[in-house]
Amino acid sequence: MRFMMFMIPAIYQGGNDAKLGESFAPDPEMMARMMEFNKELADSGALISLDGLHPRSKGARVSFKTGTPAVTDGPYVETKEVVGGYWIINVASKADAIGVACRCPAQEGDVIEIRQIFEMSDFPPEAQAKYIRSLHPGA
């Protein structure tokens with residue numbers, strides 16, 4: 001089963017990241033601990049992908065409140081929790097994914113949200129067939 005784990009760092013929560021500035025970089029000691037954790041995930045064969053994300057002050061948001069895209073440059077005042085990075089892992093169960101998240105060298109106040117990724121087999125057979133036909137229209 002594939003799971004996405006979202007890291008929601010305390011420093012990014014509640015608008016704090018607006019104070020991070022252009023030269024913000026994570027603490028080198030924390031990065032070393034996180035890199036060791038990531039290496040353990042890779043060595044175990046569970047890691048599919050991972051990346052860290054810049055603070056929201058460097059991003060943009062596209063919303064569709066009226067059905068038309070509206071672009072807002074960061075930071076976004078209305079956002080309370082901001083993803084700072086993610087892992088995609090392949091483990092046997094949700095309990096295993098929770099176990100992985102519990103081993104993360106997170107800092108006080110950080111949050112990791114775990115969400116299972118849909119597999120094709122999660123959809124009804126007719127939806128699967130329609131999807132396959134869309135990929136291969138002449139087949």
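Quickly rank 114-123, 4-13, 59-68, 89-98 as a protection proxy: mean count of other C-beta atoms within 10 Å, highest first.
Working: 114-123: 11.1, 4-13: 19.2, 59-68: 9.3, 89-98: 14.9.
Final packing ranking: 4-13, 89-98, 114-123, 59-68.
So which aspartates and glutamates can Lys130 reach, going by Cα to Cα under 20 Å and dropping same-chain residues fewer than 8 places off?
Those aspartates and glutamates meeting the cut-off are Glu119, Asp122.
Provide Arg103, Arg56 in ascending order of the number of other Cβ atoms located within 10 Å of each residue's Cβ, fewest first. Working shown, then result.
Values: Arg103 10, Arg56 21.
With the fewest neighbours first, Arg103, Arg56 line up as Arg103, Arg56.
From the phi of every residue in segment 108-121, what ³J(HN,Hα) in whole Hz does the Karplus formula 6.51 cos²θ - 1.76 cosθ + 1.60 yield, where θ is phi - 60° and glycine or proline is x?
Per-residue couplings from phi come out as 3, x, 5, 9, 10, 9, 10, 9, 6, 8, 4, 10, 4, 5 Hz.
Return the label of the correct value of volume of the Cα convex hull per residue in Å³, as calculated from the structure shown, out of [x] 117; [y] 144; [z] 173.
Computed from the coordinates, volume of the Cα convex hull per residue in Å³ corresponds to [z].
Values in this text are rule-based calculations from the coordinates and carry no lab data. None of these values were measured; they are calculated from a predicted model. All Cβ positions, even for glycine, are placed from backbone atoms using ideal geometry, and neighbour counts span all protein chains on display.
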